[in-house]
1. With ASP676, ASP601 as the choices, which residue is surrounded by 14 or more Cβ atoms within 10 Å (Cβ to Cβ), within 18 Å of LYS578 (Cα to Cα) and charged (D, E, K, R)?
2. Any idea which of ASP296, ASP301 is surrounded by fewer than 16 Cβ atoms within 10 Å (Cβ to Cβ) and in contact (Cβ under 8 Å) with a residue 24 or more places away in the chain?
3. When you go through ALA25, ALA103 one by one, which is the residue that is modelled with pLDDT of 95 or more and either within 30 Å of ASN233 (Cα to Cα) or buried (at least 16 other Cβ atoms within 10 Å of the Cβ) (or both)?
4. Output yes when any residue across the range 385-396 is within 8 Å of the ligand (Cβ to nearest atom), modelled with pLDDT of 95 or more and outside any helix (DSSP H, G or I), and no when none is.
5. Could you say which residue among TYR93, TYR83 is assigned to a loop (DSSP other than H, G, I, E, B), in the same structural domain as LYS134 (by TED's automatic domain parsing), of a type in the set (Phe, Trp, Tyr) and surrounded by 11 or more Cβ atoms within 10 Å (Cβ to Cβ)?
6. Take ASN646 and tell me if it is part of a helix (DSSP H, G or I) and touching a residue at least 60 places away in the same chain (Cβ under 8 Å).
7. Determine which single condition THR137 fails, assuming it passes every other condition in (1) buried (at least 19 other Cβ atoms within 10 Å of the Cβ); (2) within 16 Å of the ligand (Cβ to nearest atom); (3) among the polar types (S, T, N, Q).
8. Could we say that GLU52 is modelled with pLDDT of 95 or more, under 29 Å from LEU369 (Cβ atoms) and either more than 16 Å from the ligand (Cβ to nearest atom) or surrounded by 10 or more Cβ atoms within 10 Å (Cβ to Cβ) (or both) here?
Amino acid sequence: MKNDKTDTKKIKDLEKSKKDMSGKALTTNQGLKVNDTNNSLKSGERGSTLLEDFLLREKITNFDHERIPERIVHARGSAAHGYFELYDSLEEYSKAGIFTDTARKTPVFARFSTVAGSKGSPDLARDVRGFAVKFYTQEGTWDLVGNNMPIFFIQDAMKFPDLIHSVKPEPNKEIPQAASAHDTFYDFVSLTTETLHNHIWVMSDRAIPRSLRMMEGFGIHTFRLINDKGEANFVKFHWKPKLGVHSVTWEEAVKINGADPDFHRRDLWDAIESGHYPEWELGVQIVPEEDEHKYDFDLLDPTKLIPEEMVPVKIIGKMTLNRNPENFFAETEQVAFLPGHIVPGIDFTNDPLLQGRLFSYRDTQLSRLGSPNFHQIPINRPIVETHNNQRDAHMQMDIPKGQTAYFPNSLSGGCPHLSKMAEGAFHSYEERIDAKKIRTRSESFNDHFSQPALFYRSLADWEKEHVVAAYTFELGKCNHDHIKQRMLWLISQIDTDLSKEVAEGLGMEIPSTIDKPINQAIGADADIEKHQPGKKKIYLEKSEALSMANTKFDSIATRQIAVLAADGFSMKNFKPFKQTLEEEGAVVKIVAPHGGSIKCDEGMSHKVDAAIATTESVLFDAIYIPGGEKSINTLLNNGKYLKFINETFKYCKAIAVNDEGEELLNASFVVDFKEDKAIHVNDTASNFVSSIAKHRNWERRQHTNNVPV
Ligand code: HDE
């Protein structure tokens, strides 16, 4: 399928609201032409400012009220427009137009976010990423509001404020920002064992993606698909990135946050501007209703995933993001996602987390966007017309015609009238219910150790090492020993080796037991024993899809390659490397001792992309050093280049050098480079490309312990 740049129906709709100021005269909001916006009206040249100055008042008042509350969670986000295309009709399962009409190009707006940090927090926080997609379908808007991890921390919406209050900055001192590594979070996690599965994902590299374009997305909850006969199947939604799933290491993340706090936002923007449109395939795991109780876990429990070995993911379509927003506030900030926005053919289940979300998202928009009319904001309005008897409220933009605003009526001919099912009306799935009204948690939700253990078992060795380091770092930041001990005991229930290594890093013993009740996510009158986490079960040894070692390694498109060079660099070496790398879609950037331009050994000038003082190695995926005696002598005398090389080596990235470039390797901490498969000395550009595509050479990590960066 070819990427299409033509405007979607939503983009055309947004055009109606866009304001172009080019060539226009400055006016007030009332259209008055203005000839001075620099000076207020005063009583004399050096006199006081007059209250009469309506130009000053309008300008300042607007400014005073520019801010709206940031999102309670997911405040930091970046978004883009695009479209969704269906590969094959799914009519056997769903009657939704978006799942049956392969000729359609459904407009989408996707927003990616971190959860805990505020709007201005750095992108590389160790955190879950939000993955929210608004589909502007012909039957109304469908929002799939997911995350980049397939499970959630808690099982019941009632616990969400507790979870978020524990991870957000501590209320007395408002510390730390955008970080889970503090006492209140681990106090909560260690007392709420259902969190352990999502938590171990957060300890893995999934929480520090290389790019928003290189992470998966998940609807998390089990939803329902409904076909035109009214038959239902359970479904879980997956987004699979075409570029594979890749991450940075924690040490890099910490440095990236300083070097470029907008790393992910910039990466998404630049990729779209340069025509490298991010793409994800949409997959579904479908479970027939009769299989509801077939598994060792409850399908309604959002802390559980369905391993792909048990129910394969069927790929059904593709999302392409091909346009950056025109205005951050108007689009990315004002977009309002609601899990309750569904269309005929898709329906909810009784997942108690999903049920709570159905209330929360509309509610939060009322204080964030200020009015129930938030659906009229351009980015939120559907591409189909809306007609109903809801009226008035703050910032009403529509002018409803006529005498009536109620139903039924005879004065307006009964309009807006009801639709029949055959005309595509929504009809809730008729689920059979025979139950007591009861405030409790199902015992089928009690298994809290099996899936974190499955996740850990499924990881490659290097991924496991990163998980150990993450637990050690996070718990090492906690001040209370009893919290660390509770965590150590819980980790030991997930995996003994894991807990031993973390305990060693913390310099603590793993307690042989801890005071019950460990799971406090229960009511005071509940039978405490009944709600303790059950024993770990092994229903699958490993699941391949859980390890990033099994992702795609076939492209270097959009990878950032630093060319370390100064005046006199070798053109004969540089030219074929640059050409091959760019043909493969990589971005080649000259990092020179100064800005402006440098000359190659053939005398031509080359634009410098970044002066070494303005950039850092962690912002790049690989480095190339073209050689040239004069250039290398300059680089050898600048310690920052050696740091650049040492870091690139330490973080197991590909390095290619030609001729004199080898002297830089000799002067650095790079060791055993003749044996290293991702270090190319006078090798071909295409071998270098293969190493970059592999993302990292993790085998190298045994040799990098002594590298002091
Ligand atoms: Fe959210 N969540 N959430 N959440 N969530 C919000 O809604 C909430 C949950 C997710 O880019 C808020 O508009 C409750 C799961 C994303 O604008 C708020 C519960 C998942 C985004 C809210 C959850 C998510 C939000 C804050 C437990 C993954 C950002 C601002 C019942 C499936 C969307 C807003 C965007 C945002 C509530 C749990 C994903 C407060 C009560 C599970 C991606 O309404």
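1. The conditions single out ASP601.
2. ASP296
3. After ruling out the rest, the residue left standing is ALA103.
4. no
5. Result of the check over TYR93, TYR83: TYR93.
6. Details: part of a helix (DSSP H, G or I): yes; touching a residue at least 60 places away in the same chain (Cβ under 8 Å): yes.
Taking the combined requirement at face value, the residue satisfies it.
7. (2) is the only condition that THR137 fails.
8. Criteria not met by GLU52.
The values are calculated or read from the model by the stated rules, or taken from the named source; none is laboratory data. Everything quoted here is computed from the prediction, not taken from an experiment. Heads up, the Cβs are rebuilt from the backbone with ideal geometry, glycines too, and the neighbour counts pull from every protein chain shown.
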